Every structure is written in structure tokens, then in C-alpha cells.
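Data block below; observations after.
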Amino acid sequence: MKFDSLIIGGGLAGLVCGIRLAEAGLRCAIVSRGQSALHFSSGSLDLLAELPDGTPVDSPLKALDALKQQSPEHPYSLLGAQNVQRFAMESEALLARCHITLTGSYKQNHQRITPLGIERATWLSPMEIPVAPLPWKHITVVGIAGFLDFQPELVAGSLAENHINVKTAELTLPALDTLRNNPSEFRAANIARVLDIPEQQRLLIDELKTLAHDTDALFLPACLGSEDDKAWQAI
């Protein structure tokens, strides 16, 4: 097998390089060991959310001059404002060509709701991630029994600080019992593979229906759609 390029690492940078090379008509191989950071990613992409002195950033491009003053050696400072804007635009276009639908723009950060229920400034987020200000007054935060990476009580506590009526609930989903017996494997990506099975999706929907009374929205951990990013809409 012959390749024009060999990329070491299958994280976001390696995959983006591979896509761009493929679009240019070149053959490339990506060598990756284990699980990249994408396996544990929040799903959102940051551009510039905070300056080194802690000042929050609403408009990334407008904050580049202040960033250069505070951190002359920062990669954005070395690239220059024009290149940062150009690469940000190219990144959004690349994601669109890959049919990855994200909300947001390099011109203005938005406030996403994190897995801890707090607001955090970011650049791009998947459509299924809630964005402040939230339109709902009554929210049920739904956890999965035994899944330790998502704590409904913590999320509910943070949301309640914004004067939202919040309650918590728990899914049992017996199909996940095999994963529960091995805590190191009881991760979001593995849960999603189980819930991609149509029969398990129907059982999930049945459980969610019992929780959907007297509430405006159900907040779940990001454990849906490993094969179909529109699965959450169907559910």
C-alpha cells in the first residue's frame, strides 16, 4: 500500500488534515492508538472563550488584539487576526461539507449548557445541546442508572439557580446491564451503540414517555446517536 502522506494521531487535528488531503485528491493513512480525545469530547468546539487574564469573550475576532497584548506567543497571536478568521471560516465550511450540522458562528460565542448544568461560552455546538437562554420553565433531568459520568442532581442544582423548576429522574434500561457489570466499559459511546438498536430505542422511548408528564423538556446525557446524529430528534 502506498500513500502520499502518513498522519500520526486520529484526533481532531489528524482527521481534519486527512479530510483536507483527501479532498485534494491525495491518498493518506491515519495511524491512531487507543481512543482519541474525540471519544470523550463534549461535542462543542471553542475558538476563544476567555482571555488569559480571565476576561470573558463574546466576540472572538474582536478580542484578538487584547489576546496579543496579553499573550504575544499564543498561536492566534502568531497567526494574525486575518488568518484566524480565514481558518475559522474554512473550518465551518469543512464541517458543513462533512454534513456535520453545528450551531454557532466564529463572529459570536454562544452559551451552551454543560454536562454540569452551567453556562459556558463556546464557538460551535451540536444541535442537540441546549443553549442559553433556555426557553423552558419546567425541566426533568434524566440520568441512567449506574452511569457515573452524568449526575442529574448536579445538573438540576445548577439549572435551578436560573429560576427553572427542575426535577430529576432515572432510566433503568435493562439492556445496559452487561455494561453496568463492567464500570470501565459503562461509557457514553458504548451506551450509544446499544441504544442505536431499534428495539432498544423503542424501549427507551417507552421509559421516556412515563417521565414526560408535567415537564417542558427532558435533559439526557449525550448517549444517543453513535451512527445517526438525528436519532435524538426521532426519539
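The values are calculated or read from the model by the stated rules, or taken from the named source; none is laboratory data. Keep in mind it's a predicted model, so treat the numbers as computed, not measured. Glycine also receives a Cβ, built like all others from the backbone with ideal geometry; neighbour counts cover every protein chain displayed. Areas reflect the complete protein model, heavy atoms only, side chains present, ligands, DNA and RNA absent. Shrake-Rupley method; radii C 1.70, N 1.55, O 1.52, S 1.80 Å.
Tabulated data for the structure shown
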| read-out | value |
| --- | --- |
| Boolean, Arg20 is modelled with pLDDT under 95 and charged (D, E, K, R) | yes |
| Matching option when the condition is surrounded by 15 or more Cβ atoms within 10 Å (Cβ to Cβ) and part of a loop (DSSP other than H, G, I, E, B), among Gly25, Gly10 | Gly10 |
| Output for the range 92-150, where each listed residue is hydroxyl-bearing (Ser, Thr, Tyr) and in contact with a Gly (Cβ under 8 Å, 6 or more places away or on another chain) | Thr122, Ser125 |
| Residues that are more than 22 Å from Ala189 (Cβ to Cβ) and touching a residue at least 40 places away in the same chain (Cβ under 8 Å), drawn from the range 136-155 | Trp136, Lys137, His138, Ile139, Thr140 |
| Residue within the range 113-132 that is among the hydroxyl-bearing types (Ser, Thr, Tyr) and in contact with a helix residue (DSSP H, G or I) (Cβ under 6 Å, 6 or more places away or on another chain) present | no |
| Pick from the range 28-46, criterion outside any loop (DSSP other than H, G, I, E, B) and closer than 23 Å to Met127 by Cβ, ranking: nearest to the chain's Cα centre (by Cα) | Leu45 |
| Candidates Ala37, Ala63 - the one that is open to solvent by 70 Å² or more (accessible area, probe 1.4 Å) and in contact (Cβ under 8 Å) with a residue 12 or more places away in the chain | Ala37 |
| Condition broken by Phe87, with the remaining ones in (1) closer than 20 Å to Ser42 by Cα; (2) of a type in the set (Phe, Trp, Tyr); (3) free of Cβ contacts under 8 Å to residues at least 24 places away in the same chain satisfied | (1) |
| Sole exception among (1) of a type in the set (Gly, Ala, Ser); (2) open to solvent by 30 Å² or more (accessible area, probe 1.4 Å); (3) outside any helix (DSSP H, G or I) for Ala93, by number | (3) |
| Sole exception among (1) aromatic (Phe, Trp, Tyr); (2) under 17 Å from Ser41 (Cβ atoms); (3) over 14 Å from the mean Cα position of the chain (by Cα) for Trp123, by number | (3) |
| Flag if Arg180 is farther than 23 Å from Leu102 by Cα and among the charged types (D, E, K, R) | yes |
| Hey, Asp58 part of a loop (DSSP other than H, G, I, E, B), under 21 Å from Glu90 (Cα atoms) and open to solvent by 90 Å² or more (accessible area, probe 1.4 Å) or not | yes |
